[in-house]
1. Determine the order of Tyr407, Tyr145 by accessible area, beginning with the largest, at a probe radius of 1.4 Å.
2. Is the shape of the stretch 113-229 best called rounded, prolate or oblate, per the rule: a/c under 1.5 gives rounded, else a/b larger than b/c gives prolate, else oblate, with a ≥ b ≥ c the square roots of the Cα gyration tensor eigenvalues?
3. How high is the relative contact order of the stretch 98-187, given as a whole-number percent (alpha carbon pairs under 8 Å, six or more residues apart)?
4. What number results when the radius of gyration of the stretch 218-291, computed over Cα atoms, is divided by 2.2 N^0.38 Å?
5. Can you compute the FRET efficiency between Glu664 and Val616 using 1/(1 + (r/R0)^6), with r the Cβ-Cβ distance and R0 = 35 Å? Round to the nearest 0.05.
6. Can you pull out the GluC sites (Glu not before Pro) in the stretch 111-195 that DSSP calls coil and that have at most 14 other Cβ atoms within 10 Å?
7. Are there any trypsin sites (Lys or Arg not before Pro) in the stretch 463-547 that are in a DSSP loop and have at most 16 other Cβ atoms within 10 Å? List them by number.
8. How many percent of Cα pairs in the chain exceed 40 Å?
Amino acid sequence: MSHEEFPTEPPAVVTCGLPYANGDLHVGHLRSLVGGDAYARALEKLGQTTAFVCGSDMHGTPIAVNAAQEGIDPEELALRYHEQHAAQIPQFNVDFDFYGHTRQPTNVEQTVAFVEALEEGGYVYEKEILVAWDPEADQALPDRYVEGTCPYCGEHARGDECDEGCGRHLEPGEIEDPRSTITGNPAEYREREHKFFRLQEFQEYLQGFIDRLEGTENARTRPREWIEGELQDWCITRDIDWGIEYPGREDLVLYVWVDAPTEYVSASRQYTEEVGPDVYDWERVWKEDGEIVHVIGQDIIQHHTVFWPALLHGVGYNEPRAVVACGFVNIAGEAFSKSRNRAVWAEELLESPVHVDSYRYFTVTGSGFESDVDFSWGGLAERVNGELVGAIGNFIYRSLLFAHREYGGTPDVEPSGETVAEIEEAMERFRGAVNDYEIRGLGSPLLELARYGNEYIQRAEPWNLTDEDPERAAQVIRDCVQLSKALAVLMEPTMPAKAAELWDQLGEQGSVHDAPLSAALEAPPAAFDAPEELFDRLEDDEVAELETALEERVEQREDEDGSEGEEPAADLEPVLDERVPFDTFQSMDLRVGRITSAEPIEGADELLRLEVDIGVETRQVVAGLRQLHDVDALPGTRVVLVANLEKSEIFGVESNGMVLAAGEQADLLTTYDDAPLGTRVR
Ligand SMILES: [Zn+2]
């Protein structure tokens with residue numbers, strides 16, 4: 001790998017974290033799949049030779065556990081989901097050059113070859129360890145077969161990962177108070193012989209690696225704690241029969257995290273077998289100097305920045321250049337939860353009136369890739385209607401319609417210097433986003449360019465110029481057609497199908513997918529037909545229907561559970577011992593108020609500037625609600641305000657009072673009835 005700016009002479013591979021063949025795809029998967037696809041397409045726009053590969057992850061204990069529950073073979077279950085994923089992913093215009101799965105012969109062969117090379121290099125040893133065992137079921141309890149307490153943070157954890165707490169990978173035997181998920185019994189420990197990878201020997205290598213690694217900030221900083229702390233050797237075998245057999249050991253299979261990332265290599269290799277090494281040389285990429293970019297979810301950063309690069313280094317392969325990790329997706333303001341059915345499934349998106357490219361635009365440009373984001377149908381509709389229909393689509397449609405009517409296509413003049421400069425700037429931002437691994441920046445130049453165009457056409461009013469100043473009119477429309485063509489080229493990574501439609505409307509030959517970034521500045525065809533509107537509005541009733549369906553589903557599940565959505569009261573603070581006189585309480589001036597406006601405070605991620613009407617006056621208050629509430633929904637909310645608190649200044653903003661809220665989620669205190677604003681609370 002070169003660490004030079006893209007495009008580089010060595011070819012690249014972009015991979016996406018493997019979807020697990022154990023359940024339906026949802027918006028969490030789609031965020032990294034669409035992000036990876038947009039990134040791979042963007043690299044190709046820059047002229048980078050790129051393969052975009054992935055596959056289904058078929059092994060591991062969750063599949064074995066679920067298959068046992070269904071009474072079927074794990075292979076049957078995994079293949080069923082693999083086929084579903086392989087059919088559904090392309091419907092989101094996610095265009096893998098190769099999508100395989102981890103049980104294919106190429107991956108089995110590649111994985112075994114890796115393990116044999118590690119053995120030869122002296123990086124593997126055998127050790128007796130205590131593993132969790134279910135005495136009733138008389139079997140070992142690897143990974144998901146056991147639950148207990150995380151030894152690092154004390155949260156409830158599953159066998160191989162602390163998924164509700166610190167997020168660490170857990171080694172066999174590490175989990176405390178283990179219980180079998182098969183029988184629910186407390187697990188015993190038994191001595192078993194396992195294979196270990198000498199991860200400790202890679203500490204120095206990994207310290208250098210993490211300094212060189214490019215990608216998102218979370219992937220480059222979080223692993224430091226693990227790498228610079230005490231690394232443990234890594235147990236790479238399990239006592240089950242679902243997985244790839246350890247070479248020469250019929251009683252052990254490889255831990256799923258050995259064969260899963262190996263699929264990145266195997267899929268690249270199978271792609272080369274399809275197209276030939278002249279088109280794409282997987283060996284150069286993986287064994288020599290290719291640019292390896294992994295796009296993943298943030299829950300698997302440790303696997304991609306510690307275990308995987310150490311393994312690649314151990315077998316003498318090339319190392320990843322970048323790890324690009326996305327944050328979680330929350331649903332309508334609350335944590336995603338499969339068990340509560342608080343999820344939005346790929347299937348639902350495909351059946352909804354939302355065009356997949358509109359969804360792609362929403363997920364790519366919504367927020368920084370590393371941030372946790374919120375999915376709501378209302379939020380999606382707002383961006384589709386405001387940005388795609390209102391700004392981008394509107395600009396293109398009015399420009400091309402005017403051009404077609406007045407000139408039959410592109411007016412016969414050169415584009416103005418100002419327009420060319422504007423397009424060049426957008427191209428530069430796009431190039432910068434690719435090199436900074438900033439997924440949002442692949443799509444954000446679209447809106448900026450369209451806003452520029454709309455303002456330009458509005459200011460120039462070419463419809464008033466065709467008679468008095470035809471030259472000026474032709475110039476303005478020529479510029480707008482050029483901006484539309486630039487939008488088509490820049491749109492391709494984010495919205496490939498819409499880009500192709502626009503390309504057709506412009507009368508272009510060939511495919512917009514093959515058009516290089518520089519095509520944004522090339523002249524559009526002289527003649528084209530009347531355009532059609534590119535994007536469809538989402539109507540209020542359509543959005544309301546989608547929102548209601550989601551809410552009803554979550555409520556139904558909550559009723560079934562009898563949980564009414566309330567979390568168990570854990571970790572409550574004890575009531576204070578010290579009593580205070582009534583006068584002390586009376587000295588607090590608490591008033592009924594109503595939030596009249598709420599806006600973010602620049603530079604402070606969590607803070608809002610609120611205006612609260614308390615009848616006698618309106619108060620400005622700074623409150624830490626930004627991450628916890630839908631900011632636009634706050635105005636109108638009735639609250640209780642501490643009116644005689646000392647004033648303070650927070651982030652340069654004066655805070656004159658305090659809004660009362662409960663707990664970590666800042667559940668706002670409101671009034672039961674309609675006491676007038678300004679009423680004292682006693
Ligand atoms: Zn933990």
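1. Tyr407, Tyr145
2. oblate
3. Working: 135 pairs, mean separation 20.3, N = 90.
Relative contact order for the stretch 98-187 comes out at 23 percent.
4. 1.49
5. 0.65
6. Taking the stretch 111-195 and a limit of 14 other Cβ atoms within 10 Å, the loop GluC sites (Glu not before Pro) found are Glu136, Glu155, Glu164.
7. Values: sites: Arg472, Arg478, Lys485, Lys498, Arg537; in loops: Arg537.
Counting only loop positions with at most 16 other Cβ atoms within 10 Å, the trypsin sites (Lys or Arg not before Pro) in the stretch 463-547 are Arg537.
8. 42 percent
The values are calculated or read from the model by the stated rules, or taken from the named source; none is laboratory data. Keep in mind that what you see is a predicted model, and the values were worked out from it rather than measured. Positions of Cβ are backbone-derived with ideal geometry, glycine not excepted, and every protein chain shown enters the neighbour counts. To get the accessible areas, we keep the full protein, side chains included, count just its heavy atoms, and leave off ligands, DNA and RNA. Shrake-Rupley method; radii C 1.70, N 1.55, O 1.52, S 1.80 Å.
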